[in-house]
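Asks: I have a structure I would like to understand better, so I am pasting it below and will then ask my questions one at a time.
Where a number appears in this text, it was derived from the coordinates with a stated rule and is not lab data. Worth saying up front: this structure is predicted, and the values here are computed from it rather than measured. We place every Cβ from the backbone using ideal geometry, glycine too, and count neighbours over all the protein chains shown.
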Amino acid sequence: MAYERAEILAGAAVLAVAVGFTLYAVQGAGVISQPSGYPLTASFRSVEGVSVGTDVRLAGVKVGTVTALSLNPETFFADATISMRNDVAIPVDSTLLVSSEGLLGGVFVEVQPGGALEVLEPGGEIEDTQGAVSLISLLMTFAGGGGGGGDATADTTATP
């Protein structure tokens, strides 16, 4: 009888841990809605690495989330919608940048606040944006040189 009771308690503990992990994973995936904020929009030349659910950070603190991404067929820019926390007011002359946490780190959207006294209203647009910088294109720019110098196939033999 005591042996069965120990098995039941161990099974209940395993089940409780599994439920806890499931709730943690569902919350992390954004399935459970978090407190809503106000929406802002922005257009980027490139949002490489950014997806729905990407963090929006101000001074390293998460203040929002990317909620939608779409391609604008007229401008060929990526239109992003972000949800900002209600307690964070963003000045109208702020900048949004697609930043990375390091060479191999993840990507996030960084808010650089401006100095204006007016703040963006819900549904407003942040016009000053800087898209993602591709590490491969940067390396190719530096490794490729830029075309300086002479022709590598030129005849360099001297005649006496």
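Asks: Specify the inter-centroid distance of the stretch 39-55 and the stretch 8-29, based on alpha-carbon positions, in whole Å.
Replies: Spelled out, the Cα-based centre of one part sits 33 Å from the other.
Asks: Same structure, new question: With +1 on each Lys and Arg Cβ and -1 on each Asp and Glu Cβ, and nothing else charged, work out how big the dipole of the stretch 38-134 is about its Cα centre, in Debye to the nearest 20. Each step should come with its number before you reach the end.
Replies: Working: 4 positive and 13 negative charges, 64 e Å.
Dipole magnitude for the stretch 38-134 comes out near 300 debye.
Asks: How far apart, in nanometres, would the label points at V92 and K62 be if each is projected 7 angstrom from Cα along the Cα-to-Cβ direction?
Replies: Inter-label distance under the simple model: 3.2 nm.
Asks: Tabulate in residue order the Karplus-calculated ³J(HN,Hα) for the stretch 71-88, using 6.51 cos²θ - 1.76 cosθ + 1.60 with θ = phi - 60°, rounded to whole Hz; enter x for Gly and Pro.
Replies: 8, 7, x, 8, 9, 6, 9, 8, 8, 10, 10, 10, 10, 9, 4, 5, 8, 10
Asks: Between E118 and M140, what is the label-point separation in nm under the 7 Å Cα-to-beta-carbon projection?
Replies: Going from the M140 label point to the E118 one covers 4.1 nm.
Asks: Quick one: order Y3, Y24, Y38 by neighbouring beta-carbon count within 10 Å, fewest to most.
Replies: Working: Y3 7, Y24 10, Y38 18.
Ranked by crowding around the Cβ, least crowded first: Y3, Y24, Y38.
Asks: Shifting gears a bit: Note down the nm distance, to one decimal, between modelled labels 7 Å out along Cα→Cβ at Q27 and at A13.
Replies: Inter-label distance under the simple model: 2.3 nm.
Asks: Using only the alpha carbon atoms of the stretch 38-134, find the Kirkwood hydrodynamic radius as the inverse mean reciprocal pair distance, in angstroms to one decimal. Before the final figure, lay out the partial values.
Replies: Details: mean 1/r = 0.0752 Å⁻¹.
One over the average 1/r among Cα pairs gives 13.3 Å for the stretch 38-134.
Asks: Right, next: Would you kindly state how much longer the chain becomes between N72 and R5 on full extension, computed as 0.36 nm times their sequence separation minus their alpha carbon distance, in nm to one decimal?
Replies: 17.9 nm
Asks: Can you sort S99, S83 so the residue with the fewest Cβ neighbours within 10 Å comes first? Can you show the working numbers first?
Replies: On the way: S99 17, S83 20.
The most exposed by this proxy come first: S99, S83.
Asks: Taking the Cα centre of the stretch 45-92 as the origin, how large is its charge dipole in debye, to the nearest 20, when only Lys and Arg (+1) and Asp and Glu (-1) carry charge on their Cβ atoms?
Replies: Working: 4 positive and 5 negative charges, 35 e Å.
The dipole of the stretch 45-92 has a size of about 180 debye.
Asks: If you don't mind, another one. Would you mind ranking I82, I136, I8, I126 by Cβ crowding within 10 Å, fewest neighbours first? Please report the intermediate quantities before stating the final value.
Replies: Working: I82 24, I136 7, I8 10, I126 21.
Lowest count first: I136, I8, I126, I82.
Asks: Net charge near S83, counting Lys/Arg +1 and Asp/Glu -1 over other residues with Cβ under 15 Å of its Cβ? List each step's numbers first, then the result.
Replies: Numbers: positive: R57, K62, R85; negative: D55, D79, D87, E121, E125.
Here the charged neighbours net out to -2.
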